[in-house]
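What follows is one structure encoded as structure tokens, with my remarks underneath.
The values are calculated or read from the model by the stated rules, or taken from the named source; none is laboratory data. Since we're looking at a predicted model, the values are computed, not measured. Note that each Cβ is placed from the backbone with ideal geometry, even for glycine, and that neighbours are counted across all protein chains shown. In case anyone asks, the SASA skips ligands and DNA or RNA and just uses the protein heavy atoms, side chains included. Shrake-Rupley method; radii C 1.70, N 1.55, O 1.52, S 1.80 Å.
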Amino acid sequence: VIRTPDNNYLIFANRFITLNHGSSTYVSMIKVDINGNVLWVRNINERGGGVVADVAMTPDGGFVLVVNANYNSYAVRYDVNLNVLWKKQFIGVFNPSYKTVYCSNGAAYLQYQNPFNTSTTSFGIEKLDLATGNRIWSNIYTAGGPNSSVLFNRVFAINDTAYAFVTHKVPINSFDAVYSPVMVKINPNGSVAQSVQFQGDNSPPWPFFTSN
């Protein structure tokens, strides 16, 4: 859900439709007023176009939408009148699975699951030029600690510095694990500036994240 410049709201929804023993998905957008009255409903992609992962407002009152589909994940920027300014598709067996998006200082930051490692020991962030959608950099950040894994939370940015918030899971035996929130500070060029673990009781202080 995002608030529009005219003080209404846009709700983004995934619609699943089954026809003739087959299923399809739409990404739909619903505009409602402050009282919840529906102003209009629109499908903003073709049938079979995947499911919404996240949406973020842009300075012009538009938004960047990220969508995941089979072998077809993409980011789309719309202006305030719902015109498509750019659409960037990432196609292939190892396409990223987007989780969150954040816009700041002329860039869009997209956080995604590492497509080359299904055990989620790492995550990725792409930085796109907000005006053109061109990729500025794309990095994968790997967690330290044996058999550890990462649970996604959010990414945001202040000026050109990005901050990723994740939960780091480290098993301590066959049944138990320690969960610690971690903030990863990322330089404007995509390298790791700092990682801070908000350490839980008895949590080993692993060296946390490296980029590659």
Pick from the range 154-190, criterion closer than 21 Å to SER104 by Cα and free of Cβ contacts under 8 Å to residues at least 40 places away in the same chain, ranking: surrounded by the most Cβ atoms within 10 Å (Cβ to Cβ)
TYR163
Only one of VAL27, VAL55, VAL66 is part of a strand (DSSP E or B), among the hydrophobic types (A, V, I, L, M, F, W, C), open to solvent by less than 30 Å² (accessible area, probe 1.4 Å) and modelled with pLDDT under 85. Can you tell me which?
VAL27
Of the conditions (1) at pLDDT below 85; (2) open to solvent by 10 Å² or more (accessible area, probe 1.4 Å); (3) out of contact with any Lys or Arg (no Cβ under 8 Å at 6 or more places or on another chain), the single one that VAL80 does not satisfy is (1)
Name the single residue, out of those in the range 93-118 being part of a loop (DSSP other than H, G, I, E, B) and modelled with pLDDT of 90 or more, that is least open to solvent (accessible area, probe 1.4 Å).
GLY106
Single condition GLY49 does not satisfy, out of (1) modelled with pLDDT of 85 or more; (2) in contact with a strand residue (DSSP E or B) (Cβ under 9 Å, 6 or more places away or on another chain); (3) outside any strand (DSSP E or B); (4) not basic (Lys, Arg)
(1)
